[in-house]
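Every read-out reported here was derived from the displayed coordinates using simple, explicitly stated rules and does not represent laboratory data. None of these values were measured; they are calculated from a predicted model. FYI the Cβ positions are ideal-geometry reconstructions off the backbone, even for glycines, and counts take in every protein chain you see.
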Amino acid sequence: MSFQNLDLNLLRVFDAVMTEQNLTRAANSLAMTQPAVSNALKRLRDALDDELLVRTAHGVRATPRAEALWPPIRQALATLQNAIAPDLFNLSRVQITFRLAMADSTAVLFLPPLVRSIERDAPGIRVQMVPLTTREPRPMLIRSEIDLAVGYFPGVLGQLASGQGTITSKIRHQRLYSGKYVCVMRKDHPLADKELTLDAYCAAHHLHVSFSGRAHGLVDDALANLERERTVLLTVNQYFTAGKVIANSDLLTVLPIHLIAATGMAEVLIWKKLPFDLPDINVDMLWHERDSQSPAHKWLREQLMASVEGSGNPAEKK
C-alpha cells in the first residue's frame, strides 16, 4: 500500500466504527448510509490487507491490527480537526459515544448532573459505563478501551508526579476533589452518643469494603502501626451493601465521607472522626493525551469538574 494513494476519508469511517462498535451508529454519526460505511471499510481492508473489524452478534470486534492503528489515527484526526476548524465545534450536533470507567459509588455522584447536561445541551452524546476493577487504568486508556477514568489512583498519581515510566508521558490527569475517611455507624448504635476512642473502636466488630475482596486494608495497616488491630466480621465489595448491613447491625465501617450517600442509607447513618490518622482520599480523572484537544472530550471533562464546583466539594458534605 502506498500512503499517497490512501483515501484519508476512510480513516474517519474507521474511527467512527471503532468508537461506536456498531456500523449503524457509526453511519448515523457520519451522516452516511450503512452500505456506504461498509463499502468504505472494505476499501480500507483492501488497502491495509487486514480484516480490521469482524462482525459479532453484538456489533463488530477489532483485530489486533485495528487496535494498534486506532490510537494514532484518532489522535491525528483530532489534531487535524482542531487545526482546520477550531471554532466550529457545535455541541448540539456532536454524535459521539464516550466510555467512562468509574466505580458505582463514584458514578452516583457524577452521572446524574452529567445526564442532565447531555439531555439539555448535547443530545447526540452517549455514555457507556465500564466497570472499574483496578487502581491502574492506564493500560485501558492506552488501548482506547475507555475515554476517561475517574477514581482513586494513588500509585498512578505518584508515578505521574515523578515522571516514572514511558506510559506516564501519554496520560493526563486532573484532581476533582479530596476527601477524608470517617467511621460510619447506625444512628442508634451503642457508640453513637459517645466519644469514639481507639479502645472502643478496636473492641467493636467491623465491616470492610474492598473491591478486591481482601479482608485487610488501609485501616488495618494504620492500626498495625499503633500495635492495635480490629475484628473484621464481614467484607463486601459494594457501598450499597455496606450501607444496608451497617444500618441494621452494630458493625462499624470506614468510608470516604463523600461516599456515604452511595450507600443509599445516609438518612439512618452517622459518622464520627476516626481515633487514628488516615491519608486523604483523592479523586482524579485520567485520560490519554490524544483526547486532550478534542472539543467533545474537553466538554466532558468540564462537566465533571462543574458537577463538583456547582454543588460544592462532595467531600465536605455530611
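Taking 7 Å steps out from each Cα toward its Cβ at ASP250 and ARG228 produces label points 1.9 nm apart. Sorted largest first, the principal axis extents computed over the alpha-carbon atoms of the stretch 3-84 equal 38, 27, 21 Å. With a simple spin-label model that places each label point 7 Å from the Cα along the Cα-to-Cβ direction, the separation between ASP193 and ASN82 comes to 6.0 nm. Beta-bridge orientation, the chain: approximately 60 percent antiparallel, per DSSP, counting only bridges with both partners inside. Binning the alpha carbon pair distances of the chain at 20 angstrom intervals from zero yields the distribution 28, 48, 21, 3, expressed in whole percent.
Could you list, in their original order, any pairs among LYS170/LYS272; LYS273/LYS298; LYS244/LYS272; LYS180/LYS298; LYS180/LYS244 whose Cα atoms are separated by more than 30 Å? Among LYS170/LYS272; LYS273/LYS298; LYS244/LYS272; LYS180/LYS298; LYS180/LYS244, the Cα-Cα distance tops 30 Å for LYS170/LYS272; LYS273/LYS298. Full extension of the chain segment joining GLN34 with GLU309 gains 94.8 nm, where the gain is 0.36 nm per residue of separation less the Cα-Cα distance. Listed by chain and number, the aspartates and glutamates whose alpha-carbon sits under 15 Å from that of LYS187, ignoring those within fewer than 8 places in the same chain, are GLU195, ASP250, GLU267.
Length gained on full extension, PHE276 to LEU91, computed as 0.36 nm times the residue gap minus the Cα-Cα distance: 61.8 nm.
Rg/Rh, computed from the Cα trace of the stretch 181-278 with Rh as the Kirkwood radius, has the value 0.92.
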